1. List the residue pairs whose Cβ atoms are under 7 Å apart, where the first residue sits in the stretch 795-806 and is in contact (Cβ under 8 Å) with a residue 24 or more places away in the chain, the second is buried (at least 22 other Cβ atoms within 10 Å of the Cβ) and not aliphatic (A, V, I, L, M), and the two are 6 or more positions apart or on different chains.
2. Go through the stretch 191-240 and give me each residue that's open to solvent by 20 Å² or more (accessible area, probe 1.4 Å), in contact with a strand residue (DSSP E or B) (Cβ under 7 Å, 6 or more places away or on another chain) and among the acidic types (D, E).
3. How do the strands (runs of 3 or more DSSP E) wholly within the stretch 397-465 filter down when requiring 2 or more residues that are touching a strand residue (DSSP E or B) at 6+ places or on another chain (Cβ under 7 Å) and within 15 Å of Y475 (Cβ to Cβ): which remain?
4. I want to confirm something. Restricting to the stretch 761-812 and keeping residues that are in contact with a Pro (Cβ under 8 Å, 6 or more places away or on another chain) and of a type in the set (D, E, K, R), which single residue is nearest to W575 (Cα to Cα)?
5. Open to solvent by 10 Å² or more (accessible area, probe 1.4 Å), of a type outside the set (K, R) and assigned to a loop (DSSP other than H, G, I, E, B): is that true of A111 in this structure?
6. Of everything in the stretch 77-95, what is part of a helix (DSSP H, G or I) and either among the hydroxyl-bearing types (S, T, Y) or open to solvent by less than 20 Å² (accessible area, probe 1.4 Å) (or both)? Give them in sequence order.
7. Would you check which residues across the stretch 530-580 are in contact with a Lys or Arg (Cβ under 8 Å, 6 or more places away or on another chain), open to solvent by 30 Å² or more (accessible area, probe 1.4 Å) and of a type in the set (V, I, T) and list them?
8. Pull out all pairs, ordered by first then second residue, where Cβ-Cβ is under 8 Å, the residues are six or more apart or on different chains, the first lies in the stretch 390-411 and is open to solvent by 50 Å² or more (accessible area, probe 1.4 Å), and the second is among the hydrophobic types (A, V, I, L, M, F, W, C).
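The values are calculated or read from the model by the stated rules, or taken from the named source; none is laboratory data. As the structure is a computational prediction, the values presented were derived from the model and not from experiment. Every residue, glycine among them, receives a Cβ derived from its backbone with ideal geometry; neighbour counts consider all protein chains shown. The protein model used for the area step is the full one, side chains on, heavy atoms only, and it has no ligands, DNA or RNA in it. Shrake-Rupley method; radii C 1.70, N 1.55, O 1.52, S 1.80 Å.
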Amino acid sequence: MVSLPELLAPAGNMEALRAAVANGADAVYLGGKDFSARQYAANFTSEELAEAVAFAHVRGVKVYVTVNTLIAPEELGRALDYVYRLHELGVDAVLVQDLGLAWALRQALPALPLHASTQMTVHNVEGVRFLARFGFKRVVLARELELQDLAAIRSACPEVEPEVFVHGALCFSYSGQCLLSSFVGGRSGNRGRCAQPCRLRYRLEEGRDGASLAEGHLLSTKDLNLIALLPELVGLGVAALKIEGRMKRAEYVATVTRIYRQALDRYACDPEHYRVSPEELRDLAQIFNRDFTTGYLRGNPGRELMSYQRPNNRGLYLGRVIARQRGRVAVSLAAPLRLGDGLEFWVSRGGRQGQSVRAIWVNGAQVEEAAPGATVWLEALPGVAPGDRVFKTYDRRLAEAALASYAGPQGGRRVPLYLNVTGEPGRPLKIVGRDDRGHAAEVATAVPCQEAKTQPLTPEVLAAQLGRLGDTPFYLAALTADLKGETMVPWSCLNEARRRLVAALVETRLRKARPYPAVSRREFERRVGAFFAAPTVPDVPVAAPKITVAVGSPAAARAALAAGADRVYVALTAWQHWPSISRREWREALREADARQKEFFPALPRFWHPREKDYLEAVIALVDELNPAGLLIAGPEGWELARARWPRLQLVADYTFHVFNPLTRDFLRQTLGFAGLTLSPELRREQLAAFGPLALAGAEIIVHGNFPLMVSAHCVVGACAGEHAQERRPCRRGFYVLVDRRGYRFPLACDRRCRLYLFNSRELSLLTALPDLLALKPWGLRLELRRAGEEEVALVVTAYRRALDLCLTSKVTAGELAASEAELARRLGHIFTRGHYYRGVS
């Protein structure tokens, strides 16, 4: 028998949880009302969480709770208290994104299993090793990985459980690296409030001449469906297969979970003849689909990943309208149709029109259903015309079957109960019950058995009476009886004994299901107090903040140094449309920094997949040759690499570490040894002030520039503009933008590994806020200019150098700063935004 991975199903509410459990989930993941990455799901109150854990645990199903948002400074105490309540309930694990919260939990509740959320963007061996080092039991891997990447991670890190998504919605961006919803609408995906701007319409334009190259839902992905690849995933030793869908209806959860459960069980019984039936594929598509893709597992699928024409459920193709007459239309059916089904007509003018089927006519007679091949007449809204396509978006029979699977107070999934009954006149009747896990309980009737005069107890009678378990989690699987003589007890005594037996077994199952010892509230508070009282890393504040500049090339670094930068961070990830950079250029830029007594830190790339060994080796070789004083580190995998390869270098954490609270800052400084760090650009001014004197932590605040709002393994430029270009990679010769429905233009750039970066339509500028920023006492003011050429870098750095010097040496008026900013905007041709400095995110 093949060992199967855990089937992990979503639960956005209690109904969905019952649906998941009833249809074969081994575990469910869900969120409370706070700190969950799906804040727009119904989610669970404290009382519902307790009910959910008990309901699942008594049925042998694990419960993982998502605490996978960034935690604001003012929320830290409440978040820790919330996780303690989850620990009291005995949840099987919590999923986290925030490194500071994870650090605190490891100190306060070391036995509580931690799972790394997909929001951590874990995509390589180094990232998994980092999390293993700090006590994570499981990692939800990035959906951009290929099968060979999964194999490499599993082989190198056997101590960590890999979890992968197998079905449901895909993010266009690497999860955890998307700021589009945050900066466009103030609703942060890192805070669980993504507004899904990727599902909107965009137009791809050549940025210089404005030529339109493509239009549609250019960031909208198809839905993931890996049911055909289950043998490969099982063979790799993946620990858990995850179904996406905490925002979906319970019938969706029921249907998808059932089909994947059946497929896994079928594979376990007969791996050599595994196949997915047409009926299963049809039901998966019918319950919800944006069309399906296998994602990146078998390589980058290009356009096959995307659903450019439709961002929501498309249902199943039903047929075409062949005639219209007096408010009705004739449709030639390609699939069955029943009363109560939901339809959508894709009309040639006016988009889509949806309706329910209230009547069906075949050959002039009304019918309840019609088979494929039939021509039916249906009521239709105005605008539907011959030639229009028809899709079935709701199948009443499928939904009813899903509902029936978990209907009733016990939710459809029950535990087998094996009873042994012994008794004789003069002694209490003894009942021993065992469940499927070997848990046992024993009860005896309150009164002794009596000699039966008319209706003695028999195994059949006992089974009928003791098998009345309809309002319990159990069903009677078998009963044996050893009865001496003609014996009986009152039915009331037998019923009361059954209730006590069930209660004892439920209590035992819940107690045994708890995965770790409980910690008292007093001890928890003592640990938290000791944790926060621990001394911090000492540092010496600087008299004035440094100007640090992140640039994209050695030439831009030299321009920044000449204009007054104190430190430059130079990206080791090159843009496709830029010329190649020689080793000599790198060395010259480093020598110039040394000559000016300034600092030159290469910036390690944010992404490298296990299959990109040549890329990583080239990066390592360049850093070895340069032998710089320090490095800018983009994520946990970069720290893991630098710790092993360059242990003596100064390390600075980039903004992609999501330093959103003082705990994360202290974790980076005290535990990881970072010399400096960059605070999250999603923090508002009051939250920045909550960090205290920022110079003490070597903290930088991003005050100017344009950083990516999305990073994607799918290249829209190559997929769409490539149809119009003569060469294979049009990004090498052109400048492209995405234009949204309001006319905002978002610049695009591709790196040499064909990853796409989408930048904000507005450039951040806090030049006029410099006096206010200085009151926060930051160590550094960061200018993000990785996409800028030398001339732009020189202009921006000069403007900030001059403004900062004026603020530090003399009084400067708000009007003078505003005039300086306006002149900079004029010369650059940019429109500025204050970002989140004043407004923050929800």
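1. That search, which allows pairs on different chains as well, returns V796/H704; Y800/H704.
2. E206, E215
3. Of the strands (runs of 3 or more DSSP E) lying wholly inside the stretch 397-465, those with at least 2 residues that are touching a strand residue (DSSP E or B) at 6+ places or on another chain (Cβ under 7 Å) and within 15 Å of Y475 (Cβ to Cβ) span 415-423, 428-435.
4. Across the stretch 761-812, the extreme among qualifying residues is R787.
5. When the stated conditions are applied, A111 passes them.
6. Hits for the stretch 77-95 are A79, L80, Y82, V83, Y84, L86, H87.
7. T536, V537
8. Going by the 8 Å Cβ cut-off, the qualifying pairs are R396/L339; L403/A250; L403/A254.
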